[in-house]
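Engineer: So that we are looking at the same thing, I have put the structure below in structure tokens.
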Amino acid sequence: MTPIVVTVGPLSGASADNIATSQTPNKGPLTLNGSTVTNGVAVLDHPRQVLITTTDSTHSFTITGTDWAGSPISESVTGNGTTGTSVLSYATVSSIVISGNASAAVTVGTNGVAYSPWIRFDGFADPVVSKTCVAAGTVNYTVQMSYDDPNSPGNPVNPNAMTWVSDSDTNFVNATATKQGAWAYAPVWARILLNSGSGSVTGTFLQTGVAPY
């Protein structure tokens with residue numbers, strides 16, 4: 001089976017207002033006017049989390065944009081009185097809509113967290129998966145897995161509601177260097193979470209068997 005290779009990072013520095021500078025919007029769309037915005041769309045340096053900063057904790061913000069593959073994604077974020085962070089990583093942001101008139105100023109930008117593209121394993125193949133994560137530069141990363149599936153015909157889970165858990169191999173949790181290992185049983189999905197750092201991580205995953213007959 002052909003190895004699957006994904007990369008996360010490097011990221012430019014975090015910025016609290018590179019998507020929308022400080023404003024106190026009425027119900028409806030925010031004005032996207034940060035340094036990453038061209039023709040009304042924020043184009044980020046790397047798919048990454050969106051950070052909403054406001055002391056308003058009574059309203060939600062619906063973020064709409066695209067992911068790694070250019071596919072449309074959207075989710076609702078509610079602040080906790082200081083910040084709110086998207087679950088998904090956005091390559092672009094085309095709209096942010098507040099659910100009511102803001103009671104305080106709002107800025108929207110990015111933090112230093114990002115996810116790699118997701119890897120889908122073959123549920124009909126032999127389950128052993130080998131994995132290598134090559135760290136370049138300064139990074140802190142965690143390999144995550146999930147058994148939820150947005151594409152399940154019987155029990156689909158929205159991408160922003162999926163449960164992701166850290167690798168049971170602690171060498172791949174908050175790692176700062178190149179690591180190699182294996183899973184005896186393949187999850188449904190895997191990804192690499194870049195917790196922090198200015199470098200990048202390239203992961204190679206190989207499900208060694210083929211579907212038995």
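Engineer: Quick check, is Asp17 out of contact with any helix residue (DSSP H, G or I) (no Cβ under 8 Å at 6 or more places or on another chain), farther than 25 Å from Leu194 by Cα, touching a residue at least 24 places away in the same chain (Cβ under 8 Å) and buried (at least 18 other Cβ atoms within 10 Å of the Cβ)? Spell out how you get there, then give the answer.
Structural biologist: Details: out of contact with any helix residue (DSSP H, G or I) (no Cβ under 8 Å at 6 or more places or on another chain): yes; farther than 25 Å from Leu194 by Cα: no; touching a residue at least 24 places away in the same chain (Cβ under 8 Å): yes; buried (at least 18 other Cβ atoms within 10 Å of the Cβ): yes.
Spelling it out, it is not the case that Asp17 is out of contact with any helix residue (DSSP H, G or I) (no Cβ under 8 Å at 6 or more places or on another chain), farther than 25 Å from Leu194 by Cα, touching a residue at least 24 places away in the same chain (Cβ under 8 Å) and buried (at least 18 other Cβ atoms within 10 Å of the Cβ).
Engineer: Please go through segment 44-81 and give me each residue that is hydrophobic (A, V, I, L, M, F, W, C) and either surrounded by 14 or more Cβ atoms within 10 Å (Cβ to Cβ) or more than 23 Å from Thr7 (Cα to Cα) (or both), ordered by number.
Structural biologist: Going residue by residue through segment 44-81, those that are hydrophobic (A, V, I, L, M, F, W, C) are 44, 50-52, 61, 63, 68-69, 73, 77.
Residues satisfying the conditions are Leu44, Val50, Leu51, Ile52, Phe61, Ile63, Trp68, Ile73, Val77.
Engineer: Could you say which residue among Asp126, Asp167 is of a type outside the set (Val, Ile, Thr), outside the structural domain of Ser22 (by TED's automatic domain parsing) and surrounded by 18 or more Cβ atoms within 10 Å (Cβ to Cβ)?
Structural biologist: Details: Asp126 fails: surrounded by 18 or more Cβ atoms within 10 Å (Cβ to Cβ).
Checking each option against the conditions leaves just Asp167.
Engineer: While we're on this one: Which ones in segment 81-101 are farther than 21 Å from Met162 by Cα and free of Cβ contacts under 8 Å to residues at least 40 places away in the same chain?
Structural biologist: Hits for segment 81-101 are Gly81, Thr82, Thr83.
Engineer: Can you find even one residue in segment 206-213 that is in a loop (DSSP other than H, G, I, E, B), free of Cβ contacts under 8 Å to residues at least 24 places away in the same chain and of a type outside the set (A, V, I, L, M, F, W, C)?
Structural biologist: Yes, because at least one residue in segment 206-213 is in a loop (DSSP other than H, G, I, E, B), free of Cβ contacts under 8 Å to residues at least 24 places away in the same chain and of a type outside the set (A, V, I, L, M, F, W, C).
The values are calculated or read from the model by the stated rules, or taken from the named source; none is laboratory data. Because the structure is predicted, anything quoted here is derived from the model rather than measured. So basically every Cβ, Gly included, is an ideal-geometry build from the backbone, and we count neighbours across all protein chains shown.
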